[in-house]
Amino acid sequence: MTRDELYHQFGPLLIEALVDILLEEITELAVKSKTMAKTKQQVMDAVDVKFKSFSKYDWMNRVD
């Protein structure tokens, strides 16, 4: 399986899992440091901004 195939197949679930894990960790750190925790939407927005800085995979430009 190529890198493109792997991410095309598992990309959405992988992203959702990573966002959930990051949010849990950020929330735990915020509680310990007595600061405001991030919302899931704030984390997803930050991920979206980061994604926009990446170049697309070849399969993302294809129309099936």
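The values are calculated or read from the model by the stated rules, or taken from the named source; none is laboratory data. Just so it is clear, the structure is predicted and the values come from calculations on it, not from any experiment. Counting neighbours? That spans all protein chains shown, and the Cβs are built from the backbone with ideal geometry, glycine included.
Looking at the stretch 53-63, can you tell me whether even one residue there is at pLDDT 90 or above, within 14 Å of the chain's Cα centre (by Cα) and not in a helix (DSSP H, G or I)? Let's see the steps before the verdict.
Narrowing the stretch 53-63 to residues at pLDDT 90 or above: 53.
Next cut, within 14 Å of the chain's Cα centre (by Cα) only: 53.
Going one step further and asking which of them are not in a helix (DSSP H, G or I), we end up with 53.
There is at least one residue in the stretch 53-63 that is at pLDDT 90 or above, within 14 Å of the chain's Cα centre (by Cα) and not in a helix (DSSP H, G or I).
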**Report entry** Residue among 31, 43 that is surrounded by 10 or more Cβ atoms within 10 Å (Cβ to Cβ), β-branched (Val, Ile, Thr) and modelled with pLDDT under 90
**Finding:** 43
**Report entry** Breaking point among (1) in a helix (DSSP H, G or I); (2) surrounded by 12 or more Cβ atoms within 10 Å (Cβ to Cβ), for residue 21
**Finding:** (2)
